[in-house]
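**Student:** Please find one structure pasted underneath; my questions will follow.
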Amino acid sequence: MVSGALEVAAATPDPELPLLTIGELGILRDVHETADGVVVTITPTYSGCPALREITADLTGRLTAAGYSRVELRTRLAPPWSSDWITAGGRAKLQAAGIAPPGPAPTGPIRLTLGPRPPVACPRCGSSDTVASAAFGATACKALHRCRTCDEPFEAVKAI
Amino acid sequence: MVMDDNPYEELADEHGADARWAFGTGFTDPLAGIDTAVPDGVDGAALAAYCLALGDDALVYSHRLQEWITRMPELEEETAIANVALDLLGQARLLLARAGTILGRSEDELAFFRDEPQFRNVRLVERADADFAELVARLLVFSTWRLALFERLCEVPDPVLAAIAAKGVNELAYHRDYAAQWVVRLGDGTELSHARMQAGLETIWPLVDEVFEPHPGDLVPLERGEFDVVLDTVFATAGLARPTAAPLAKVGGRAGRDGVHTEALGYVLAELQSVARAHPEGTW
């Protein structure tokens, strides 16, 4: 049985945030079926994102299994990915997994930030008494924080 | 499954969904599916040369940052520098690929099979950092300059370069904040950290003027004003003095963008290119 290509593609997990699908992460821009297959368009999160190859392989496997013989992956660079594109469902999953979802992406002119950024609420206890412990994390899209109320460290998806 | 005599043979092959040997191996064309036709009215050769220069800046600097991995003072900073280097490597791949679509060469050919005089990076990115203060001093200068430049490049008529720039802006703004916060922390820290931060800035300062000097290959003009405002804000917050070291002289009127480099670039390329040149048919 052939399921809808969009549904199959959107359900592909992200290799670096496997609790989210690429649909929930907001990197899946377009899926359209052609006469002999399907064309999937992705916007990478960061310029150097090493996960694209994994995503390509995974998408191809899933769509092939769903009955699409030819799968073509296209990149779209503009507009650049924004963490605002993470869906409400995706945010709830991040929160439940102990990863703070991103706040609204900054808009307007880019400002130099010399002091601490606004605190990110702790995904475990909800306290906003948290500090950033590292500006970068294990993947390009995350930073590390620590909650001063429950004393737990946590990851947060950067707002970009 | 038929096994080859040499098990390593399989590692270099293209793999399907279920036969990858490690996460992150294999590369996809960063411009796959993007319309790379040069728009009417755009000089393709000039566009390619400029993308190459910006790609070389990111490629060489990313390599110098990668040299810090396993040598950073703290794990958090190691992660930070690895992330910055990865973002810049991503920018380099996109820019070299963009140049390559016009020149008919692959990003690998451009990265690994050009010699020193064919590289067009500014001399700022070439030297090895002597210490952490020098690292954050150069990262502040590089990211502040490149951010200002990429904001301008979002408006160029080539939609591919404009998109690469727009994507890079967010990354560079984050790198700049990281570097600026460290410059403030060290400058406003102990007597020793202050002295070493000031010394780090003096060391890289001779390489700053070159990046703002107009070059015939530039696609957009860039005023230095915004850069100076940002750096003066950082210096004032950190209690550091604006460096006074004189600019590094050009050689016969030529510098990095003309293919005239410092001795340091040769060392970067020797390491960066050695594997690809030893195995010119290799794939990864």
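The values are calculated or read from the model by the stated rules, or taken from the named source; none is laboratory data. Every value quoted in this text rests on a predicted model; they were computed, and no experiment measured them. Virtual Cβ from ideal backbone geometry, glycine too; neighbours counted across all protein chains shown.
**Student:** Answer yes if at least one residue in the stretch A:118-131 is assigned to a strand (DSSP E or B), more than 9 Å from every other protein chain (Cβ to nearest Cβ) and surrounded by fewer than 16 Cβ atoms within 10 Å (Cβ to Cβ), and no otherwise.
**Tutor:** Narrowing the stretch A:118-131 to residues assigned to a strand (DSSP E or B): A:130-131.
With more than 9 Å from every other protein chain (Cβ to nearest Cβ) added as a condition, the list becomes A:130-131.
Adding the requirement that they be surrounded by fewer than 16 Cβ atoms within 10 Å (Cβ to Cβ) leaves A:131.
Yes; the residues of the stretch A:118-131 include at least one that is assigned to a strand (DSSP E or B), more than 9 Å from every other protein chain (Cβ to nearest Cβ) and surrounded by fewer than 16 Cβ atoms within 10 Å (Cβ to Cβ).
**Student:** Exactly one condition in (1) closer than 30 Å to A:VAL40 by Cα; (2) assigned to a helix (DSSP H, G or I); (3) not β-branched (Val, Ile, Thr) is false for B:ALA137; which is it?
**Tutor:** Against the list (1) closer than 30 Å to A:VAL40 by Cα; (2) assigned to a helix (DSSP H, G or I); (3) not β-branched (Val, Ile, Thr), B:ALA137 comes up short only on (1).
Yes/no per residue for (1) farther than 30 Å from B:GLU155 by Cα; (2) in the same structural domain as A:PRO44 (by TED's automatic domain parsing); (3) not acidic (Asp, Glu):
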{"position": "A:TYR68", "(1), (2), (3)": "yes, yes, yes"}
{"position": "A:SER83", "(1), (2), (3)": "no, no, yes"}
{"position": "A:ILE110", "(1), (2), (3)": "no, no, yes"}
{"position": "A:SER133", "(1), (2), (3)": "yes, no, yes"}
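**Student:** Of all residues in the stretch A:30-75, count the ones that are closer than 19 Å to A:ALA140 by Cβ and touching a residue at least 24 places away in the same chain (Cβ under 8 Å).
**Tutor:** Counting residues in the stretch A:30-75 that are closer than 19 Å to A:ALA140 by Cβ and touching a residue at least 24 places away in the same chain (Cβ under 8 Å) gives 12.
**Student:** Could you please let me know if B:GLY55 is free of Cβ contacts under 8 Å to residues at least 60 places away in the same chain and either farther than 19 Å from B:ARG123 by Cβ or more than 9 Å from every other protein chain (Cβ to nearest Cβ) (or both)? Let's see the steps before the verdict.
**Tutor:** On the way: free of Cβ contacts under 8 Å to residues at least 60 places away in the same chain: yes; either farther than 19 Å from B:ARG123 by Cβ or more than 9 Å from every other protein chain (Cβ to nearest Cβ) (or both): yes.
Yes: the conditions hold for B:GLY55.
**Student:** Right, another one. Just a yes or no: is a residue in the stretch B:158-173 in contact with a Gly (Cβ under 8 Å, 6 or more places away or on another chain), more than 10 Å from chain A (Cβ to nearest Cβ) and either over 24 Å from A:ALA159 (Cα atoms) or basic (Lys, Arg) (or both)?
**Tutor:** No, that holds for no residue.
**Student:** A follow-up question, please. Checking B:HIS194 against (1) in a helix (DSSP H, G or I); (2) farther than 30 Å from B:PHE113 by Cα; (3) within 19 Å of the chain's Cα centre (by Cα), which test does it fail?
**Tutor:** Tallying (1) in a helix (DSSP H, G or I); (2) farther than 30 Å from B:PHE113 by Cα; (3) within 19 Å of the chain's Cα centre (by Cα), B:HIS194 fails exactly one: (3).
**Student:** Pick from the stretch B:220-244 the residues that are within 15 Å of B:TRP145 (Cα to Cα) and away from every other protein chain (no Cβ under 14 Å): which of them is surrounded by the fewest Cβ atoms within 10 Å (Cβ to Cβ)? Talk me through it step by step, then tell me what you get.
**Tutor:** First, the residues of the stretch B:220-244 that are within 15 Å of B:TRP145 (Cα to Cα): B:220-234.
Retained after the next criterion (residues that are away from every other protein chain (no Cβ under 14 Å)): B:220-225.
On the way: B:VAL220: 13, B:PRO221: 7, B:LEU222: 17, B:GLU223: 10, B:ARG224: 15, B:GLY225: 9.
Taking the candidates together, the pick is B:PRO221.
**Student:** Could you list, in sequence order, all residues of the stretch A:44-74 that are more than 9 Å from chain B (Cβ to nearest Cβ), outside any helix (DSSP H, G or I) and surrounded by 15 or more Cβ atoms within 10 Å (Cβ to Cβ)?
**Tutor:** Those that are more than 9 Å from chain B (Cβ to nearest Cβ), outside any helix (DSSP H, G or I) and surrounded by 15 or more Cβ atoms within 10 Å (Cβ to Cβ): A:THR45, A:ALA66, A:TYR68, A:VAL71.
**Student:** Kindly indicate the residue of the stretch B:255-284 that is closer than 11 Å to B:ARG123 by Cβ and among the charged types (D, E, K, R) and also surrounded by the most Cβ atoms within 10 Å (Cβ to Cβ) among those meeting that condition.
**Tutor:** B:ARG257
**Student:** Quickly run through the stretch A:14-33 and pick out the residues that are in a strand (DSSP E or B), within 13 Å of chain B (Cβ to nearest Cβ) and either hydroxyl-bearing (Ser, Thr, Tyr) or more than 16 Å from A:LEU73 (Cα to Cα) (or both).
**Tutor:** Selection gives nothing.
**Student:** Hey, another quick one. Can we say B:ASP56 is in contact with a helix residue (DSSP H, G or I) (Cβ under 9 Å, 6 or more places away or on another chain), at pLDDT 95 or above, acidic (Asp, Glu) and at negative phi? Break it down stepwise before answering.
**Tutor:** Values: in contact with a helix residue (DSSP H, G or I) (Cβ under 9 Å, 6 or more places away or on another chain): yes; at pLDDT 95 or above: yes; acidic (Asp, Glu): yes; at negative phi: yes.
Yes; evaluated as a whole, the condition is true for this residue.
**Student:** I've got another one for you. Given (1) surrounded by 20 or more Cβ atoms within 10 Å (Cβ to Cβ); (2) touching an Asp or Glu at 6+ places or on another chain (Cβ under 9 Å); (3) of a type in the set (Ser, Thr, Tyr), where does A:SER83 come up short, assuming only one miss?
**Tutor:** Looking at each condition in turn, A:SER83 falls short on (2).
**Student:** Check A:GLY137 against each of (1) at pLDDT 95 or above; (2) crowded, with 21+ Cβ neighbours inside 10 Å and name the one condition it does not meet.
**Tutor:** (1)
**Student:** In addition: Every residue in the stretch B:58-99 that is more than 8 Å from chain A (Cβ to nearest Cβ) and either outside any helix (DSSP H, G or I) or among the polar types (S, T, N, Q) (or both), please.
**Tutor:** B:SER62, B:GLN66, B:GLU67, B:TRP68, B:ILE69, B:THR70, B:ARG71, B:MET72, B:PRO73, B:GLU74
**Student:** Which residue, of B:LEU94, B:LEU110, B:LEU103, B:LEU88, is within 11 Å of the chain's Cα centre (by Cα), at pLDDT 95 or above and either crowded, with 23+ Cβ neighbours inside 10 Å or over 23 Å from B:ARG176 (Cβ atoms) (or both)? Quick ask: steps written out before the conclusion?
**Tutor:** On the way: B:LEU94 fails: within 11 Å of the chain's Cα centre (by Cα); B:LEU110 fails: within 11 Å of the chain's Cα centre (by Cα); B:LEU103 fails: within 11 Å of the chain's Cα centre (by Cα).
Result of the check over B:LEU94, B:LEU110, B:LEU103, B:LEU88: B:LEU88.
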